[in-house]
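Have a look at the structure below before the remarks.
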Amino acid sequence: MELKQLLQDIKEHDNKIPEGTDTERLVEEMLREIGSIDFELRDDLIYFTFYHWIQRNVLSPETMKNMLYTSLDEDHLFLGLGSSDEDTVFTRSFSVLISPLILECHLSRPFLSEEDIRHVFERLCRYFREENDLRGYVEAKGWAHAVAHTSDAFETLVKCRGITRNDQLAIMELILEKIQVNTHYFVDGEDERMAEVVNTIIQKGLLGDDPIVAWVHKVTKFSTIGKYPEDSIIRGNVRNLLRSVYFKCAEQNKNSKIAKAIVHALGQI
């Protein structure tokens, strides 16, 4: 039976693995097809099947760890990075979604070592820095959404033991770099997903207010080139990110030093 039909049958039976199924082999096949341009197979079937299995503790820690390392390798997270093949972004962007699924499971039932967490951190940082395909929804092929998906991974990663103060600062610098682009206007909720990373870092409390306030000021120090639409795009991206961070902060304390800094920064843009 072809993979798509098998996963459709599994979905129809409450995502239960059929008796006699070689689960390890099926997981490997799903990972091989994780970047399919068939959005139903990629998104509705492969990703959400993994989601349900991990949520329900169907997969062993060893299987999940193997999944994690495979998803972060050169044939998945870095496949075609920087090439002219526009379809490889789907492999990269859906491979990155494996990390938050497994890290969330680890947070409730720890099974990864600090070395594993360090590996995830280094791979995600490299990927986020180097990914230049910033598209959200792609006609006829579905969501690429690499920036949003990596933000989801970071948001879970920063909750993990072993992620240091300096690691958090490094992630925030990467978000700053990504939002200060003038070639792509983020219109598919990427600002909210990046803001959730910043908000989680704030709530963790390792940094304190001052480094966050300094970051807010850095976000507004973007360069313009005196040309439309580039200047409008970068202003819009920065403004939307700061607004999203503000509203997440304001839920906790709208009079905080961070919230006030954001209001002041928005007034300067």
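The values are calculated or read from the model by the stated rules, or taken from the named source; none is laboratory data. What you see is a predicted model, and the numbers here were worked out from it, not measured in a lab. With ideal geometry, Cβ positions are generated from the backbone for all residues, glycine too; neighbour counts draw on all protein chains shown. All accessible areas refer to the heavy atoms of the entire protein, side chains included, with ligands and DNA or RNA removed. Shrake-Rupley method; radii C 1.70, N 1.55, O 1.52, S 1.80 Å.
Against the chain, whose longest principal axis is taken from its Cα atoms, helix 114-130 shows a tilt of about 60°.
Leaving out ligands and nucleic acids, and using a 1.4 Å probe, what accessible area per residue does region 1-149 come to in Å²?
On a per-residue basis, 49 Å².
Add -39500 (n - 2.57) for each DSSP H run of 4 or more in the chain, then divide by its residues: what number comes out at 222 nm, to the nearest 500 deg cm²/dmol? When only DSSP H runs of four or more count, the value is -19000 deg cm²/dmol.
Here the Kirkwood formula, the inverse mean of 1/r across different C-alpha pairs, assigns region 24-135 a hydrodynamic radius of 14.3 Å. Here's the list of lysines a cross-link from residue 16 could span, going by alpha-carbon distance under 23 Å and ignoring same-chain residues fewer than 8 apart: 4, 65. For the pair region 231-258 / region 59-126, the C-alpha centres are spaced 29 Å from each other. Relative to 2.2 N^0.38 Å, what does the C-alpha radius of gyration of the chain come to as a ratio? Two decimals please. My calculation over the Cα atoms of the chain gives 1.06. Legend: P(r) of region 189-243 from all alpha carbon pair distances, 10 Å bins from 0, whole percents, reading 21, 46, 25, 7.
Loop-located GluC sites (Glu not before Pro) in region 141-245 (DSSP state other than H, G, I, E, B) with a sparse environment of at most 15 neighbouring Cβ atoms within 10 Å are absent. For region 1-155, the dipole from Cβ point charges (+1 on Lys and Arg, -1 on Asp and Glu) about the Cα centre works out to 360 debye, to the nearest 20.
Sequentially through region 155-169, phi angles give Karplus couplings (6.51, -1.76, 1.60; θ = phi - 60°) of 4, 7, 4, 5, 7, 7, 4, x, 8, 8, 4, 5, 5, 4, 4 Hz, Gly and Pro residues having no value and appearing as x. Here region 53-138 has 45 percent of its accessible surface on carbon and sulfur atoms, given a 1.4 Å probe and all protein chains in place. Between the residues 100, 84, 69, the greatest Cα displacement towards the positive end of the dipole of region 69-132, with unit charges on the Cβ of Lys, Arg, Asp and Glu, is found for 100.
Within straight-line reach of residue 248, meaning a Cα separation under 20 Å, sit the following aspartates and glutamates at least 8 residues removed in sequence or on another chain: 152, 155, 173, 188, 190, 191, 192, 196, 209, 210. Restriction of the trypsin sites (Lys or Arg not before Pro) in region 52-150 to DSSP coil positions whose beta-carbon has at most 11 other beta-carbons within 10 angstrom yields 56.
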